[in-house]
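What follows is a short report on a single structure.
The values are calculated or read from the model by the stated rules, or taken from the named source; none is laboratory data. Predicted model only: the values in this text are computed from it and were never measured. Positions of Cβ are backbone-derived with ideal geometry, glycine not excepted, and every protein chain shown enters the neighbour counts.
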């Protein structure tokens, strides 16, 4: 899954004055559509207190609209300030299940230097669903979204 067409679309939208919400929605929809093993794709935005709030997503609704600092894979990625590729969520010590069908999860931070704006969260019903190419594509989109955050909002101080 190459990220180039999606990034070109996001760049064109930005040049035409798209707001941040529209860019986030397009990024989620584009990533989700480009990979058949992406069964739930969403963005969690980070707030100054370290809490994550669900933004745009594609897939089944989730009860995890807010995730605390250090909770689950998403909160752990924020606490550890790093991307996480979990090939088997049953082996993750503090996994928060959004769906009983989820087998693997990928969390990629949206960051500008030290400032973390949020993250792209992808769940799959398949074990070890996220190969190097899929990870690289999500990382490329996250990097592009970081630029959009820089242009449209004040970065959230990270914990």
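In table form, for the structure just shown:
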| item | result |
| --- | --- |
| Which listed residue, of 29, 33, is closer than 22 Å to residue 104 by Cβ, touching a strand residue (DSSP E or B) at 6+ places or on another chain (Cβ under 7 Å) and either modelled with pLDDT of 95 or more or outside any strand (DSSP E or B) (or both) | 29 |
| Single match in 143, 121, 150 (criterion: under 22 Å from residue 20 (Cα atoms), surrounded by 14 or more Cβ atoms within 10 Å (Cβ to Cβ) and modelled with pLDDT under 95) | 150 |
| Any hit, the range 42-54, residues being surrounded by fewer than 17 Cβ atoms within 10 Å (Cβ to Cβ), out of contact with any helix residue (DSSP H, G or I) (no Cβ under 6 Å at 6 or more places or on another chain) and at pLDDT 95 or above | yes |
| Residue check, residue 139 more than 14 Å from residue 50 (Cα to Cα), touching a residue at least 24 places away in the same chain (Cβ under 8 Å) and assigned to a strand (DSSP E or B) | no |
| Check on residue 38, crowded, with 19+ Cβ neighbours inside 10 Å, touching a strand residue (DSSP E or B) at 6+ places or on another chain (Cβ under 7 Å), part of a loop (DSSP other than H, G, I, E, B) and modelled with pLDDT of 95 or more | yes |
| Cross-chain or 6+ apart pairs with Cβ under 8 Å, the range 1-22 first and more than 17 Å from residue 143 (Cβ to Cβ), then assigned to a helix (DSSP H, G or I) | 18/26; 19/152; 22/13 |
